There are 2 protein chains.
Amino acid sequence: MHRVSRVTSAPEEDRLNTQIAFALEIDKLKRVIRRNSLMDGSRRENDAEHSWYVGMLAMILGEHAPPGTDIQRVVAMLLVHDLVEIDAGDTFIYDAAAVAAQIETERAAADRIFALLPSDQATLFRELWDEFEARETVEARFAKALDRFAPILANHQTEGGTWPLFKVRADQVREKVKIIEEGSASLGAYAYELVDLSVRRGHLPE
Amino acid sequence: MHRVSRVTSAPEEDRLNTQIAFALEIDKLKRVIRRNSLMDGSRRENDAEHSWYVGMLAMILGEHAPPGTDIQRVVAMLLVHDLVEIDAGDTFIYDAAAVAAQIETERAAADRIFALLPSDQATLFRELWDEFEARETVEARFAKALDRFAPILANHQTEGGTWPLFKVRADQVREKVKIIEEGSASLGAYAYELVDLSVRRGHLPE
């Protein structure tokens, strides 16, 4: 791999070089593998395609967020929300100990990764990620709801998908649906139905 | 795979079911493989992770678009720009005959895929795609520039990457850089430098 060297070094060129270095770094997100599979079960999903997918979900399902939600901010938040996993890896959300340990690891990852950007942009990107994690705004709550909704939909579509592999039970999934409900009442209701259907079909034990 | 069946059928629920059916359909974009590889050359890239990546490039490099460019619209355009490839497949941009044949195939794909959405949304998504393809707005020209920039960066990073495999020559790449230049003068200049560097390093024949 080559770093591009420029003949001149005007401030604007330095800035562009810094941005390109960040762009090269974040390509690594395509190699972080998640627990859930694609909707057809053919293989497990990576973080980059997942990030695209939840960004699309925001565009498709935006009307299910509370009135006044800034959907474009939700999209931006979802595109950057998993960048920290370049360093921290994907944490299995049903592993409580791992989730607790993950907080500091992800914060350290955010410190390193966003700092690769020019400082004004580093601040803006970090604010998006902090907002997503804090879940205090309607935008962050809706973004987190979509992030939780996608793998439940995938597991439902694939006869339980990776739930049995990781011995997940219905009440654990329902705990995650609460987070969906906090972001969107209608998507929460829909997700509870998916869980119930999966139970009735024998793809998810009570 | 299961289609979710609902107990009630109020219009809002029908609408959500329609949106979810569209969401399930577009997951297929993760299985459309492109000609270029990841930045580390480890494997070829799929359309979904590519769409995430160019959306991120818009967020990172937005200041290199003409003043007044609506970057959030550029992001939205880039997230949807390759959906037609679910039906039409990835067309190799250096294969002129394939590119000519592709226009009708992609239009038919757009007719089918966007029509899966509720009609008001079908119109909005189709407008984004039509705008991207027409390259008449600053947003579309910048979006297309990023779409062209990413694979050149990937091939440059991987010692020519897939260029030799498809017998691509420098002047063919420079033709594509013109499209980058039309969307962003500074990214165009940067891309010409990447081409020249690749030639000097023996990774791209003149």
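Just give me the residues in region A:79-94 being free of Cβ contacts under 8 Å to residues at least 60 places away in the same chain and more than 30 Å from B:Thr18 (Cα to Cα), in sequence order. I'd like the intermediate steps shown before the answer.
Pass one, region A:79-94, residues free of Cβ contacts under 8 Å to residues at least 60 places away in the same chain: A:79-80, A:82-85, A:87-91.
If the condition is that a residue be free of Cβ contacts under 8 Å to residues at least 60 places away in the same chain and more than 30 Å from B:Thr18 (Cα to Cα), then A:Leu83, A:Val84, A:Glu85, A:Asp87, A:Ala88, A:Gly89, A:Asp90, A:Thr91 are the ones that fit.
Which residue pairs have Cβ atoms under 7 Å apart, sit 6 or more places apart or on different chains, and have a first residue in region B:58-78 that is farther than 23 Å from A:Leu116 by Cβ and a second that is aromatic (Phe, Trp, Tyr) and modelled with pLDDT of 95 or more?
B:Thr69/B:Phe142; B:Met77/B:Phe132
When the residues of region A:35-58 are narrowed to those that are crowded, with 18+ Cβ neighbours inside 10 Å, charged (D, E, K, R) and at pLDDT 95 or above, which ends up farthest from B:Ser51 (Cα to Cα)? Reasoning before the result, please.
Quick first cut of region A:35-58, residues crowded, with 18+ Cβ neighbours inside 10 Å only: A:35-39, A:45-58.
Now restrict to residues that are charged (D, E, K, R): A:35, A:45, A:47, A:49.
Remaining after also requiring at pLDDT 95 or above: A:45, A:47, A:49.
On the way: A:Glu45: 15, A:Asp47: 13, A:Glu49: 8 Å.
Of everything passing the filter in region A:35-58, A:Glu45 is farthest from B:Ser51 (Cα to Cα).
Just the residues that are closer than 26 Å to A:Ile26 by Cα and more than 14 Å from chain A (Cβ to nearest Cβ), please, taken from region B:157-173. Break it down stepwise before answering.
So in region B:157-173, the residues closer than 26 Å to A:Ile26 by Cα come out as B:157-165, B:173.
Residues satisfying the conditions are B:Thr162, B:Trp163, B:Pro164, B:Leu165, B:Val173.
Of all residues in region A:158-173, which are assigned to a helix (DSSP H, G or I) and surrounded by fewer than 23 Cβ atoms within 10 Å (Cβ to Cβ)? Give the steps one after another, and end with the answer.
Initial filter on region A:158-173 (assigned to a helix (DSSP H, G or I)): A:164-166, A:170-173.
Across region A:158-173, the qualifying residues are A:Pro164, A:Leu165, A:Phe166, A:Ala170, A:Asp171, A:Gln172.
Contact list please: Cβ distance under 8 Å, first residue in region B:15-32 and without any contact (Cβ under 8 Å) to a residue 12 or more places away in the chain, second residue of a type in the set (Val, Ile, Thr) and assigned to a helix (DSSP H, G or I), pairs at least six apart or on different chains.
Cβ pairs passing all conditions: B:Ala23/A:Ile60.
How many residues are open to solvent by 30 Å² or more (accessible area, probe 1.4 Å) and within 30 Å of A:Gln172 (Cβ to Cβ) when one looks only at region A:93-127? Show your work before the answer.
Filtering region A:93-127 for residues open to solvent by 30 Å² or more (accessible area, probe 1.4 Å) gives A:93-105, A:107-108, A:111-112, A:115-116, A:119-120, A:123-124, A:126-127.
Remaining after also requiring within 30 Å of A:Gln172 (Cβ to Cβ): A:93-105, A:107-108.
Going through region A:93-127 one residue at a time, the tally reaches 15.
When only residues in region A:82-106 that are acidic (Asp, Glu) and more than 14 Å from the chain's Cα centre (by Cα) count, which is farthest from A:Glu127 (Cα to Cα)?
Within region A:82-106, the subset acidic (Asp, Glu) is A:82, A:85, A:87, A:90, A:95, A:104, A:106.
Filter once more, so that each one left must be more than 14 Å from the chain's Cα centre (by Cα): A:87, A:95, A:104.
Numbers: A:Asp87: 19, A:Asp95: 27, A:Glu104: 17 Å.
This residue is A:Asp95.
Looking at B:Ala134, B:Ala189, can you tell me which residue is free of Cβ contacts under 8 Å to residues at least 12 places away in the same chain, open to solvent by 20 Å² or more (accessible area, probe 1.4 Å) and more than 14 Å from chain A (Cβ to nearest Cβ)? Quick ask: steps written out before the conclusion?
Numbers: B:Ala189 fails: more than 14 Å from chain A (Cβ to nearest Cβ).
When all the criteria are applied, what remains is B:Ala134.
Can you go through B:Leu16, B:Leu79, B:Leu61 and tell me which one is buried (at least 20 other Cβ atoms within 10 Å of the Cβ), within 15 Å of the chain's Cα centre (by Cα), at pLDDT 95 or above and farther than 23 Å from B:Leu165 by Cα? Give the derivation first.
Numbers: B:Leu16 fails: within 15 Å of the chain's Cα centre (by Cα); B:Leu61 fails: within 15 Å of the chain's Cα centre (by Cα).
One residue alone meets the criteria, B:Leu79.
The values are calculated or read from the model by the stated rules, or taken from the named source; none is laboratory data. Quantities reported herein were computed from a predicted structural model and do not represent experimental measurements. Here the Cβ is made from the backbone with ideal geometry for all residues, glycine too, and neighbour counts use every protein chain on show. Side chains are part of the model used for accessible areas, which takes the heavy atoms of the whole protein and leaves out ligands, DNA and RNA. Shrake-Rupley method; radii C 1.70, N 1.55, O 1.52, S 1.80 Å.
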